[in-house]
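The values are calculated or read from the model by the stated rules, or taken from the named source; none is laboratory data. These numbers were taken from a predicted model, which means no experiment stands behind them. Every residue, glycine among them, receives a Cβ derived from its backbone with ideal geometry; neighbour counts consider all protein chains shown. Just the protein is used for accessible areas: all its heavy atoms, side chains included, with ligands, DNA and RNA removed. Shrake-Rupley method; radii C 1.70, N 1.55, O 1.52, S 1.80 Å.
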Amino acid sequence: MNKTLRMDADRIVASSIKAVLPDEAVARALQGFDAKSGKVVLVATGKAAWQMAKAAVDVLGKVDGGVVVTKYDHVKAEIPGVICCEAGHPVPDQNSFDGTQKALDLVSGLTAEDTVLFLLSGGGSALFEKPLIPGAELQDVTSQLLASGADIVEMNTLRKRLSGVKGGKFAQACAPAKVFSIVLSDILGDPLDMIASGPAYPDSSTCEQAKAIVKKYGIRLSVEATALLDIETPKELDNVETHINGSVRELCVAAAKECAALGYEPILLTDQLCGEAREAGSVLASILKTHANDGKSLAYIAGGETVVHLTGKGLGGRNQELALGAAVGIAGMSNAAVFSVGSDGTDGPCDAAGGYVDGDTIDALTAAGKDIFAVLKDNDAYHALQAVDGLIMTGPTGTNVNDVAVALIKA
């Protein structure tokens, strides 16, 4: 492993994530907050929910009750006046349902003078859920979608129809109280109705689109679930004010700033990266090969969210698979590295934030008895990278604004 490139990668990751923590974004949004004369209750959900809730209570001083529903191991401490719940992600579990019910109980019976401060971040589609079908079936549908290669917009278009809180339905449950929503975006282009499946935003998707997604990916649904696809979601909400703060573009800008501080010339390729993770990694490797002999230190930055089409039963996530997808292309290059990381600190169903590879990775994998093509076929990026010290571990970060991948060339 090239220790210099790895140290640079770790610095870029740490600095980028620090720059997009939600504390400042929440404080900025609350500058325009008017609580009127009634109660203020707080509901926060998503991977960044605890951090956002803590920042909000710090700014406001107190709230008249609150519920946080976030991922396991993401609650860092108690927040005064707020019940903190941890639940399943990326597949919802009973704690998701129970935590969401606590939030619904909190907002029931409010008046037009009251305000619900709703703090939303990515991951809420699994964490914030009141299923309209049996919980076990919803879990199965979620698992099918995750394995299908469907992108996040497609997944959420379908999940809205099966939920009692998604697609604007939570805002309806809060009425006549006003909902003041602060959103941390984890979807390309920041579509407010798709982030965490839009619990407090009018839904732009249609029943016909949901049915087309079921057909496209061969999703198995019960008769009851199929019938829900004919029930349209709310298209207008008159009790919601929404503020979007934080996005993948800010993550990319932060990465570029740290790359420049380390002596690289940063080049932003895109903040809309999508498609198959391993193919995205291969493209980044191709770019590095083109510029390997330019005599410059260069950093190519791509933000967004790729997908993995599961063909095996291994462990890993899209960022680790992207990195391994680049490993073959840069094999033998002494001055090249590719790394990719999820800003939330978790990549897929494991404890790694992402993965790192350089020109020595393929040889190291071979020495460890790992065949790169077999690893990718089994979607087992985690154990392969673990064997060559290629995992990037940050722990839960408190934010969630997509992923950033960086391809480095050292002069």
| In this structure, does Val67 turn out to be touching a helix residue (DSSP H, G or I) at 6+ places or on another chain (Cβ under 7 Å) and either surrounded by fewer than 16 Cβ atoms within 10 Å (Cβ to Cβ) or in a helix (DSSP H, G or I) (or both)? | no
| Condition met for Gln172 (open to solvent by 10 Å² or more (accessible area, probe 1.4 Å), more than 22 Å from Asp93 (Cα to Cα) and touching a Pro at 6+ places or on another chain (Cβ under 8 Å)) | yes
| query | What do you reckon, is Ala292 part of a helix (DSSP H, G or I) and not aromatic (Phe, Trp, Tyr)? | reply | no
| Of all residues in the range 77-100 being farther than 20 Å from Pro349 by Cα and out of contact with any Lys or Arg (no Cβ under 7 Å at 6 or more places or on another chain), the one that is surrounded by the fewest Cβ atoms within 10 Å (Cβ to Cβ) | Ala77
| remark: The residue from Gly325, Gly312, Gly395 that alone is open to solvent by 10 Å² or more (accessible area, probe 1.4 Å), touching a Gly at 6+ places or on another chain (Cβ under 8 Å) and at negative phi is Gly325
| task | Identify, from the list Asp351, Asp347, the residue that is of a type outside the set (Val, Ile, Thr), under 18 Å from the mean Cα position of the chain (by Cα) and open to solvent by less than 20 Å² (accessible area, probe 1.4 Å). | result | Asp347
| request: Please verify whether the range 285-293 includes one or more residues that are out of contact with any Lys or Arg (no Cβ under 9 Å at 6 or more places or on another chain) and under 19 Å from Ala19 (Cα atoms). | output: no
| message | Being of a type in the set (A, V, I, L, M, F, W, C), over 13 Å from Gly99 (Cα atoms) and buried (at least 24 other Cβ atoms within 10 Å of the Cβ) is the filter here; which residues of the range 111-131 pass it? | response | Val116, Leu117, Phe118, Leu119, Leu120
| Breaking point among (1) in contact with a Ser or Thr (Cβ under 8 Å, 6 or more places away or on another chain); (2) assigned to a helix (DSSP H, G or I); (3) within 19 Å of Gly398 (Cα to Cα), for Ala55 | (1)
| request: Quickly run through the range 254-273 and pick out the residues that are over 18 Å from the mean Cα position of the chain (by Cα) and in a helix (DSSP H, G or I). | output: Ala256, Lys257, Glu258, Cys259, Ala260, Ala261
| task | Search the range 221-252 for residues being open to solvent by 50 Å² or more (accessible area, probe 1.4 Å), touching a residue at least 40 places away in the same chain (Cβ under 8 Å) and of a type in the set (A, V, I, L, M), and hand back the single one that is nearest to Asp294 (Cα to Cα). | result | Ile244
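Residue-wise test of (1) assigned to a strand (DSSP E or B); (2) under 20 Å from the mean Cα position of the chain (by Cα).
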{"residue": "Val63", "(1), (2)": "no, no"}
{"residue": "Ala77", "(1), (2)": "no, no"}
{"residue": "Cys85", "(1), (2)": "yes, yes"}
{"residue": "Ser96", "(1), (2)": "no, yes"}
{"residue": "Thr100", "(1), (2)": "no, yes"}
| note | Expected single match for small (Gly, Ala, Ser), modelled with pLDDT of 95 or more and out of contact with any Leu (no Cβ under 8 Å at 6 or more places or on another chain) among Gly359, Gly395, Gly355 is Gly359
| said: Out of everything in the range 36-58 that is more than 18 Å from Gly246 (Cα to Cα) and either open to solvent by 30 Å² or more (accessible area, probe 1.4 Å) or β-branched (Val, Ile, Thr) (or both), what residue ends up being nearest to the chain's Cα centre (by Cα)? | reply: Val43
| query | Do we have any residue at all in the range 143-165 that's part of a helix (DSSP H, G or I), polar (S, T, N, Q), more than 19 Å from Ile195 (Cα to Cα) and in contact (Cβ under 8 Å) with a residue 60 or more places away in the chain? | reply | yes
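Considering each residue of the range 199-220, count those that are open to solvent by less than 40 Å² (accessible area, probe 1.4 Å), assigned to a loop (DSSP other than H, G, I, E, B) and touching a helix residue (DSSP H, G or I) at 6+ places or on another chain (Cβ under 7 Å), and give that number. Spell out how you get there, then give the answer.
Of all residues in the range 199-220, those open to solvent by less than 40 Å² (accessible area, probe 1.4 Å) come to 199-200, 202-203, 205, 207, 210, 213-214, 219.
Cutting the leftovers down to assigned to a loop (DSSP other than H, G, I, E, B) gives us 199-200, 202-203, 205, 219.
Checking which are touching a helix residue (DSSP H, G or I) at 6+ places or on another chain (Cβ under 7 Å) leaves us with 199-200, 203, 205, 219.
Count: 5.
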| task | Provide a single number: the residues in the range 359-375 that are touching a residue at least 60 places away in the same chain (Cβ under 8 Å) and open to solvent by less than 20 Å² (accessible area, probe 1.4 Å). | result | 3
| field | Number of the condition not met by Leu5 [criteria: (1) surrounded by fewer than 18 Cβ atoms within 10 Å (Cβ to Cβ); (2) under 30 Å from Asp358 (Cβ atoms)] | value | (1)
